[in-house]
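A.B. asks: Let me begin by handing over the structure; questions about it come next.
The values are calculated or read from the model by the stated rules, or taken from the named source; none is laboratory data. Bear in mind that the values here come from a model prediction, so they are computed numbers and not experimental data. Here the Cβ positions follow ideal geometry from the backbone for every residue, glycine too, while neighbour counts run over all protein chains shown. The accessibility values were calculated without ligands, DNA or RNA, using every heavy atom of the protein model including side chains. Shrake-Rupley method; radii C 1.70, N 1.55, O 1.52, S 1.80 Å.
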Amino acid sequence: MFLTTMIAALAMQAAPAPIVAKPVVDPDKKICRNETTTGSIMGHRVCHTRAEWAAMSKVESGGRDTFRDQTTNPGQPSLGGRGG
């Protein structure tokens with residue numbers, strides 16, 4: 001009985017996982033988000049392409065990294081979000 005259980009367990013482990021292709025990401029796809037301005041209760045819709053959102057996110061994270069570096073290590077030169 002134990003041997004049969006072990007063989008069944010090994011057979012289930014040995015089955016190769018199906019290869020799933022990643023979906024193609026279109027950088028020109030338009031993506032809209034609702035944003036609320038500080039001090040306002042009314043939001044507005046902002047639309048950009050996937051590539052534009054990625055570029056804006058990269059710029060914002062670089063500024064955030066610079067600010068973090070300057071506040072946690074005063075007097076030290078900033079890495080500027082370059083990680084090096």
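A.B. asks: Looking at 22, 30 in this structure, which one is of a type outside the set (Asp, Glu), touching a Cys at 6+ places or on another chain (Cβ under 9 Å), on the phi < 0 side of the Ramachandran plot and at pLDDT 70 or above? Show your work before the answer.
C.D. replies: Details: 22 fails: touching a Cys at 6+ places or on another chain (Cβ under 9 Å).
When all the criteria are applied, what remains is 30.
A.B. asks: Among all residue pairs at least 6 apart or on different chains, which show Cβ distances below 7 Å where the first residue, located in the range 47-74, is surrounded by 11 or more Cβ atoms within 10 Å (Cβ to Cβ) and the second is hydroxyl-bearing (Ser, Thr, Tyr) and not in a helix (DSSP H, G or I)?
C.D. replies: Filtered contacts from the range 47-74: 66/78; 69/78; 70/78.
A.B. asks: Sticking with this structure for a sec: Output the number of the condition that residue 12 fails; it satisfies all remaining conditions of (1) of a type in the set (A, V, I, L, M, F, W, C); (2) open to solvent by 90 Å² or more (accessible area, probe 1.4 Å); (3) modelled with pLDDT of 85 or more.
C.D. replies: Here residue 12 clears every test but (3).
A.B. asks: Could you please give the count of residues in the range 36-46 that are hydrophobic (A, V, I, L, M, F, W, C) and open to solvent by 50 Å² or more (accessible area, probe 1.4 Å)? Talk me through it step by step, then tell me what you get.
C.D. replies: Initially, the range 36-46 is screened for residues hydrophobic (A, V, I, L, M, F, W, C), giving 41-42, 46.
Then keep just the ones that are open to solvent by 50 Å² or more (accessible area, probe 1.4 Å); that gives 41-42.
Total satisfying the criteria: 2.
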